[in-house]
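The values are calculated or read from the model by the stated rules, or taken from the named source; none is laboratory data. Since the model is a prediction, treat every value here as computed from it, not as a measurement. Cβ placement follows ideal geometry from the backbone for every residue including glycine, while neighbour counts extend to all protein chains displayed.
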Amino acid sequence: MKEYHKIQTVFKRDPETNMKTLLENNYSLPEFEYLAGNQWVFTEKVDGTNIRVMFDGEQITFGGKTDRAQIPAALAKRLNELFLPQLELFKELFADGACLYGEGYGAKIQKVGINYRPDQDFVLFDVKIEDWWLQRRDVEDIAQKLNLDIVPIIGQGTIAEMVEKTKTGFTSIWGDFRAEGIVARPSTELKTRGGERIITKIKCKDFPKTW
């Protein structure tokens, strides 16, 4: 099943700093600028590795960010434990198949992985059935039925409020350390005229450290 789409950073990057900093208020997509004053829903961005849980109606398989990506052995073991015993429930919930998108995270996944947890696990952030991305309440319902963690909502607000929150830096839901950043979607999910989802991100490290 399809790889997860790229999430554009809200602002363009500055070529004069070798793309290490942002050109504030120079939006990477015109839709972000147009919707900047609207209400967006903020979820904490997890610093891990992208994982796909794919169900074709008969069997459950796993993939990374790309089809070539390797899943760490400990994480693969955890995915098998978490999902394979639930095959019959998958058949009940997803008669036509589905793809669950999440983050593999924890110790030895990225430099800060140990801050999240001492082992490795999966946290859900999106579900797609055929051509439909499910709404947050439906993703939460699936997470509850499958006994999965889901990325936490940490607030709502405008793009300017999202930027200010990441500039200041904020503590992760997972512990006493700085969160990686924010993923934001309009409170009513929308698409561009090219049919792509309107969803953006920003990282705390894109700004000078305040911690």
Exercise. Please specify each residue of region 1-30 satisfying the condition of being over 22 Å from the mean Cα position of the chain (by Cα) and of a type in the set (S, T, N, Q).
Key: Thr17, Asn18, Asn25, Asn26
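Step by step: first the residues of region 39-70, then only those that are aliphatic (A, V, I, L, M) and assigned to a strand (DSSP E or B), then the one that is surrounded by the fewest Cβ atoms within 10 Å (Cβ to Cβ). Which residue is that? Step through it out loud before you land on a result.
Kept after step one, since they are aliphatic (A, V, I, L, M), are these residues of region 39-70: 41, 46, 51, 53-54, 60, 69.
Those still in the list that are assigned to a strand (DSSP E or B) too: 41, 51, 53-54, 60.
Working: Val41: 18, Ile51: 25, Val53: 23, Met54: 16, Ile60: 19.
Selected residue: Met54.
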Quiz item: Any residue at all in region 72-91 that is modelled with pLDDT under 95, of a type outside the set (D, E, K, R) and over 19 Å from Tyr4 (Cα atoms)?
Solution: no
Practice problem: Select, from Ala160, Ala179, Ala95, Ala184, the only residue that is farther than 20 Å from Val46 by Cβ, touching a residue at least 40 places away in the same chain (Cβ under 8 Å) and among the aliphatic types (A, V, I, L, M). | Solution: Ala160
Exercise. Output the residue which, of all residues in region 117-131 that are under 24 Å from Lys6 (Cβ atoms) and within 15 Å of the chain's Cα centre (by Cα), is surrounded by the fewest Cβ atoms within 10 Å (Cβ to Cβ).
Key: Lys128
Quiz item: Among the numbered criteria (1) of a type in the set (Val, Ile, Thr); (2) loosely packed, with under 12 Cβ neighbours inside 10 Å; (3) outside the structural domain of Thr158 (by TED's automatic domain parsing), which single criterion is violated by Thr17?
Solution: (3)
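Considering only residues of region 132-146 that are touching a residue at least 12 places away in the same chain (Cβ under 8 Å) and surrounded by fewer than 16 Cβ atoms within 10 Å (Cβ to Cβ), which is farthest from Thr188 (Cα to Cα)? Explain how you work it out, then say what you get.
Going through region 132-146, the residues touching a residue at least 12 places away in the same chain (Cβ under 8 Å) turn out to be 133, 135-136, 139, 142-143, 145-146.
Now restrict to residues that are surrounded by fewer than 16 Cβ atoms within 10 Å (Cβ to Cβ): 135, 145.
Numbers: Gln135: 9, Lys145: 24 Å.
So, considering only residues that are touching a residue at least 12 places away in the same chain (Cβ under 8 Å) and surrounded by fewer than 16 Cβ atoms within 10 Å (Cβ to Cβ), the one farthest from Thr188 (Cα to Cα) is Lys145.
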Quiz item: Residue check: is Glu161 surrounded by 13 or more Cβ atoms within 10 Å (Cβ to Cβ), at pLDDT 95 or above, of a type in the set (D, E, K, R) and not assigned by TED's automatic domain parsing to the domain that holds Phe83?
Solution: yes
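Among Glu103, Glu88, which is the only one that is farther than 17 Å from Asn50 by Cα and among the charged types (D, E, K, R)?
Numbers: Glu103 fails: farther than 17 Å from Asn50 by Cα.
So the residue among Glu103, Glu88 that is farther than 17 Å from Asn50 by Cα and among the charged types (D, E, K, R) is Glu88.
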